[in-house]
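*Asks:* Got a structure for you, questions after.
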Amino acid sequence: MRGLVLDFGGVLSGPGTDAHALVEVVAALRERGVRTAILSNDPGGPGADRLRELGGGRLVDEVVLSGDVGLAKPDPRSYRLVAQRLGLEPAQCVFVDDLVSNVRAAAAVGMVGVHHERPDVVVAELAVLFELSADDEVPATPVPATSAAVDGVTDRGEGDTRR
């Protein structure tokens, strides 16, 4: 796998999430050259600036917001677009979301889907999929500033609506 795509609300932020643990995994993967992105159904506009600022390498490589691109999950085109922005084919990407319908739609276009119900399980699944060792899960560079960047950022899309 060469790409990791994460939903924001319900995965990196909100009830039942552990942003610090996932940010550590994202940092470890980025150190290994894995391309990373956030794919969110946020409506975009000026209110999404803090969410957009997580891209460009601050947390992930790319941030794709539904309101900015005119596509929303579970539209198959949204998954293809984020893979394209990462310079990858969908089959090279893992997608993590708290909504089963979004995970199924990502899998239908060829991505490996991970349903986020518990952060510890997601971290363990990502470790297997990306062949991370215990040493890889703790990045060489400090994470606190990066995980702090997630704090206070809100996703105005579907949020944590577990189904």
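*Asks:* Go ahead and run the numbers for FRET between Asp120 and Arg77, Cβ-Cβ distance against an R0 of 30 Å, rounding to 0.05.
*Replies:* 0.40
*Asks:* Which order do you get for Asp68, Asp151, Asp7 if you rank them by accessible area with a 1.4 Å probe, largest at the top?
*Replies:* Most to least solvent-accessible, the answer reads Asp151, Asp68, Asp7.
*Asks:* Size of the dipole of the range 1-99 about the Cα centre, Lys and Arg at +1 and Asp and Glu at -1 on the beta carbon, nothing else charged, in debye to 20?
*Replies:* Dipole size: approximately 300 debye.
*Asks:* With each pseudo-label sitting 7 Å past Cα toward Cβ, what's the Met1-Asp151 distance in nm, one decimal?
*Replies:* Roughly 2.8 nm, to one decimal.
*Asks:* I would also like to ask the following. Over the range 17-58, what percent of the accessible surface lies on carbon and sulfur atoms, probe 1.4 Å?
*Replies:* 46
*Asks:* What accessible area, in Å² to the nearest ten, does a 1.4 Å probe give for Arg80?
*Replies:* 120
*Asks:* Sticking with this structure for a sec: In percent, how large is the relative contact order of the range 82-121, given Cα pairs closer than 8 Å and 6 or more residues apart?
*Replies:* Working: 46 pairs, mean separation 15.0, N = 40.
Relative contact order, the range 82-121: 38 percent.
*Asks:* As I understand it, the dipole of the range 1-110 uses +1 on the Cβ of Lys and Arg and -1 on the Cβ of Asp and Glu, about the Cα centre. Which of Ala107, Pro43, Ala27 lies farthest toward its positive end?
*Replies:* Value computed over the given set: Ala107.
The values are calculated or read from the model by the stated rules, or taken from the named source; none is laboratory data. Everything quoted here is computed from the prediction, not taken from an experiment. In this analysis, Cβ positions are derived from the backbone assuming ideal geometry, glycine residues included, and neighbour counts consider all displayed protein chains. For accessibility, only protein heavy atoms count, side chains too; no ligands or nucleic acids. Shrake-Rupley method; radii C 1.70, N 1.55, O 1.52, S 1.80 Å.
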